[in-house]
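The values are calculated or read from the model by the stated rules, or taken from the named source; none is laboratory data. It should be emphasised that the depicted structure is a prediction, and the values quoted were computed from it without experimental measurement. Here Cβ is always computed from backbone atoms with ideal geometry, including for glycine, and neighbour counts include all displayed protein chains. For accessibility, only protein heavy atoms count, side chains too; no ligands or nucleic acids. Shrake-Rupley method; radii C 1.70, N 1.55, O 1.52, S 1.80 Å.
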Amino acid sequence: MATAGGRYFGFVTGAALPVTVASNWLATAWDQNSAHHTSAPATAVLERTALRWLLELLGLPASSGGAFVTGATMANFSALAAARHAVLQHAGWHVEADGLFGAPPITVLVGEEAHPTLMKSLGMLGLGRSRVLRVPVDGQGRMRADRLPAWSGPCIVCTQAGNVNTGAFDPFAAIIDEAHARGAWVHVDGAFGLWAAASAALAPLVAGMARADSWATDAHKWLNVPYDSGLAFVRDAGALRSAMAISADYLPPQSESRNPSDYTPELSRRARGVDVWAALRTLGASGVAEMLERCCRHARRFASELRSAGCTVLNEVVLNQVLVSFGDADTTRRVIAELQADGTCWCGPTQWQGHTAMRISVCSWATSDEDVSRSLDAMLRIAARCRG
Ligand SMILES: Cc1ncc(COP(=O)(O)O)c(C=O)c1O
């Protein structure tokens, strides 16, 4: 499957910028164990620099801590481990030392449309996939700020930047204001949507988001670096460090220089920051914004031409995601199957609020106007055949 090609629109799958493929090979050849600054100073410095650039690009607090991990699942896990540390420390409990047995209960709020990997992260942290309180969402999957339940004691509110189906964003400003007024920690799962903060044109979608306490995103999605590459950011760097750092007599002592593994679940780890550094160094802030906006323009074109041809677009196309129905569920499923067999492009199915739909997710640097034209031709040719 040519997932790195310009006509792959499945799941939310970024490609790999050529420079990041080169940097990835280089980092593999160097084979640095990028756990400590002492043993891998060059890659530790590249990672530290990439972190500074990312915080600047995304408009997040410059003193935030950051973890370069495998993907958004582990980024959510890492950020939520910091959240768990902080809310329990505030309640007088040291979770890393004493575990969760006997700890003050933590209320966890998630939107009805939280990504399943967020639930998995909560489960891995002992916070439970099912004991969370689910906040109702609107027709686009946005958490309803007016439906936050009451809570008391330690609380973590998990918001979302970019719904995996619609691309919609939770109303951050309203949720964060209320959650903070009531003493909660606010986390943002922005596996792909967090990147909207890097474009002036898209930034209104994330208004208020920078006031949250932690954020997770993927570099292997919209920054277009090779797998695997996720990023966690935590406003209180000390909370992330408290959740993750270890010491031992044989390990280098904590020092002035940033040890990557003081912020990650892993000790031994590849030098993941090198690819992020290479992507940012090459594209610059304007190049990143241009890539994001180009993908969104392609998504809007898909929506508009499919709509003009009589197909139903089920979502507000605010970002890079398009949900399209070709008629009833069977017809839509047949179009998807035939499109996949045809091979011009690749899109997958989903269910959105009771409707069967085809998902188009545009997040590859390689997708060109010509790719969109060829893909649209294939979609409409096959849809005409299936609809008879
Ligand atoms: C909103 C959201 N969160 C988390 C994830 C999980 O990301 P990963 O597969 O990189 O762990 C995804 C993947 O699409 C996502 O869309």
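Here VAL87 passes the criteria (1) within 21 Å of the chain's Cα centre (by Cα); (2) of a type outside the set (Lys, Arg); (3) open to solvent by less than 50 Å² (accessible area, probe 1.4 Å) except the one numbered (1).
Conditions (1) outside the structural domain of TRP195 (by TED's automatic domain parsing); (2) under 30 Å from SER199 (Cβ atoms); (3) open to solvent by 10 Å² or more (accessible area, probe 1.4 Å), marked per residue:
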| residue | (1), (2), (3) |
| --- | --- |
| LEU306 | yes, yes, no |
| THR312 | yes, yes, yes |
| LEU323 | yes, yes, no |
| ASP328 | yes, no, yes |
| ALA337 | yes, no, yes |
| THR344 | yes, yes, yes |
| PRO349 | yes, yes, yes |
| THR356 | yes, no, yes |
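For region 185-208, the set of residues classified as surrounded by 24 or more Cβ atoms within 10 Å (Cβ to Cβ), without any contact (Cβ under 8 Å) to a residue 40 or more places away in the chain and away from the ligand (no atom under 14 Å from the Cβ) consists of VAL186 only. A single entry from GLY92, GLY99 fulfils the requirement of being surrounded by fewer than 23 Cβ atoms within 10 Å (Cβ to Cβ), out of contact with any helix residue (DSSP H, G or I) (no Cβ under 6 Å at 6 or more places or on another chain) and closer than 15 Å to ALA243 by Cα: GLY99. None of VAL87, VAL110 is closer than 11 Å to ILE156 by Cα and within 14 Å of the ligand (Cβ to nearest atom) except VAL110. Residues in region 216-235 that are within 30 Å of TRP93 (Cβ to Cβ) and touching a Ser or Thr at 6+ places or on another chain (Cβ under 8 Å): ALA216, GLY230, LEU231, ALA232, PHE233, VAL234, ARG235. Note on region 32-41: among residues that are within 27 Å of the chain's Cα centre (by Cα) and over 19 Å from GLY65 (Cβ atoms), the one that is surrounded by the fewest Cβ atoms within 10 Å (Cβ to Cβ) is ASN33.
Pairs meeting the criteria (first residue in region 303-323 and without any contact (Cβ under 8 Å) to a residue 60 or more places away in the chain, second residue open to solvent by 10 Å² or more (accessible area, probe 1.4 Å) and part of a loop (DSSP other than H, G, I, E, B), beta carbons under 6 Å, at least 6 apart or on different chains) are ALA303/VAL317. For region 131-167, a residue qualifies if it is within 16 Å of the ligand (Cβ to nearest atom) and open to solvent by 10 Å² or more (accessible area, probe 1.4 Å), and the qualifying residues are VAL132, ARG134, VAL137, GLN140, ARG142, GLN160, VAL164, ASN165. Across region 358-378, the qualifying residues are those that are part of a strand (DSSP E or B) and open to solvent by less than 10 Å² (accessible area, probe 1.4 Å), and the one among them that is nearest to LEU223 (Cα to Cα) is SER361. Inside region 217-233, residues that are more than 14 Å from LEU194 (Cα to Cα) and near the ligand (Cβ under 10 Å from one of its atoms) make up a count of 3. In this structure, TYR227 qualifies as at pLDDT 95 or above and open to solvent by 30 Å² or more (accessible area, probe 1.4 Å).
A count restricted to region 230-269 and to residues that are in a loop (DSSP other than H, G, I, E, B), modelled with pLDDT of 95 or more and among the hydroxyl-bearing types (Ser, Thr, Tyr) stands at 2.
When we screen ARG134, ARG142, ARG147 for residues that are under 24 Å from GLY208 (Cα atoms), among the basic types (Lys, Arg) and out of contact with any Gly (no Cβ under 8 Å at 6 or more places or on another chain), the only hit is ARG147. Hey, any hits in region 272-280 for a residue that's part of a loop (DSSP other than H, G, I, E, B) and in contact with a Phe, Trp or Tyr (Cβ under 8 Å, 6 or more places away or on another chain)? Yes. Being part of a helix (DSSP H, G or I) and either away from the ligand (no atom under 16 Å from the Cβ) or outside the structural domain of ARG211 (by TED's automatic domain parsing) (or both) is a condition met by no residue of region 60-78.
Scan region 253-263 for residues that are open to solvent by less than 20 Å² (accessible area, probe 1.4 Å) and not acidic (Asp, Glu) and jot them down. Steps first, please.
Start the filter on region 253-263 by keeping residues that are open to solvent by less than 20 Å² (accessible area, probe 1.4 Å), which leaves 259-262.
The answer is ASN259, PRO260, SER261.
Return yes or no: is VAL274 in contact (Cβ under 8 Å) with a residue 40 or more places away in the chain and within 16 Å of the ligand (Cβ to nearest atom)? When the stated conditions are applied, VAL274 does not pass them.
In region 9-20, the residues that are under 20 Å from LEU280 (Cβ atoms) reach residues that are assigned to a helix (DSSP H, G or I) and of a type in the set (D, E, K, R) with C-beta atoms within less than 6 angstrom, at least six apart or across chains, in these pairs: THR20/ASP275.
Got a sec? Which of GLU290, GLU266 is away from the ligand (no atom under 16 Å from the Cβ) and open to solvent by 40 Å² or more (accessible area, probe 1.4 Å)?
Testing whether each residue is away from the ligand (no atom under 16 Å from the Cβ) and open to solvent by 40 Å² or more (accessible area, probe 1.4 Å) leaves just GLU290.
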